[in-house]
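Below: the structure, in structure tokens.
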Amino acid sequence: MSAPSGPGVPGHGPDGKPRPAPARRPLGEVAALVSAGTGLLGLLLGFFGLPAVVNSPTAARVTVTETVVVPGPTVTVTAPSADRSEPGPGPSASSSGSAGVDRQALTLLDPVDGRPMLSSGSGTLKGEEYPDAATVNFCIGGFTEYNIGTNWKRFTATAGLDDSSSNWPMTVQIYSDGRRLVSVRAGLADPKRVDVDVTGATRLRIGYELLGNTCDYDNKPRLVLGTPTLSR
């Protein structure tokens, strides 16, 4: 049986004759075309630059965030508040006193002149104990001078002979920058209160002398200034 032929039959022309088969490209020609296309692409990338293509405004940007959790103990740090104030120092031995300090013991100051000079100690006046006192043993008399700056307004103390002292009546004088402020008479079981204005004074002098012309040098009387204090 023969194959059909004529118009309308696949593979035949309008005249009914068979069409010739399409010519196939040699494999080498195909390879040459691929190589040429690759070379053209490389030329374009080299001309415009790969970074320019990658960093182009139209290129999509992808941001990758990686979170790493490291196990361990939790540490809490507490910062001090800005308006929190630390406790300030106690009374200063400075002659002008610490800022904000309204009272200062005279015994915290070092004398700048005198003979025999008062020293820090304790005493008892008419049965009352004074753990903070300025004391001196003397027979003829003497004085002690302090530099108190100009920042204090008042000086107070209780002056008298210690209850264990020999009984020799005396006087105590207080001077401010060479000007006598007060003179008090005190003795055994007879303490006197001292309260003077020292506003603006730089030097405070405390003078002391016995009343009379005799004294027992083997048992000198002991002067006590109980709680001597400078205040604003």
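Values for this structure:
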quantity: Long-range neighbours under 8 Å by Cβ, at least six apart or interchain, first residue under 16 Å from G149 (Cβ atoms) within the stretch 194-208, second aromatic (F, W, Y) and part of a loop (DSSP other than H, G, I, E, B); calculated: V198/W152; T199/W152; A201/W152
quantity: Scan of the stretch 125-138 for residues that are surrounded by 17 or more Cβ atoms within 10 Å (Cβ to Cβ) and over 38 Å from the mean Cα position of the chain (by Cα), ordered by number; calculated: L125, T135, V136, F138
quantity: Scope the stretch 206-219; condition open to solvent by 80 Å² or more (accessible area, probe 1.4 Å) and over 24 Å from G178 (Cβ atoms); matching residues; calculated: N213, T214, Y217, D218
quantity: Within the stretch 182-205, considering residues that are among the β-branched types (V, I, T) and assigned to a loop (DSSP other than H, G, I, E, B), the one surrounded by the most Cβ atoms within 10 Å (Cβ to Cβ); calculated: V198
quantity: Residue list for the stretch 146-160, restricted to those being small (G, A, S) and within 31 Å of the chain's Cα centre (by Cα); calculated: G149
quantity: Counted residues, the stretch 113-141 - those being among the basic types (K, R) and in a strand (DSSP E or B); calculated: 1
quantity: Every residue from the stretch 142-181 that is assigned to a strand (DSSP E or B), open to solvent by 40 Å² or more (accessible area, probe 1.4 Å) and hydrophobic (A, V, I, L, M, F, W, C); calculated: L181
quantity: First in the stretch 209-228 and closer than 15 Å to P116 by Cα, second anywhere and open to solvent by 60 Å² or more (accessible area, probe 1.4 Å) and among the β-branched types (V, I, T), Cβ under 9 Å, 6 or more apart; calculated: E209/I140; L210/I140
quantity: Enumeration of residues in the stretch 126-151 that are under 23 Å from D197 (Cβ atoms) and β-branched (V, I, T); calculated: T144, I148, T150
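The values are calculated or read from the model by the stated rules, or taken from the named source; none is laboratory data. In this text the structure is predicted, and so the values were computed from the model without any measurement. No Cβ is skipped: glycine too gets one built from the backbone with ideal geometry, and neighbour counts run over all protein chains shown. Quick note on the areas: whole protein, heavy atoms, side chains included, nothing else; ligands and nucleic acids left out. Shrake-Rupley method; radii C 1.70, N 1.55, O 1.52, S 1.80 Å.
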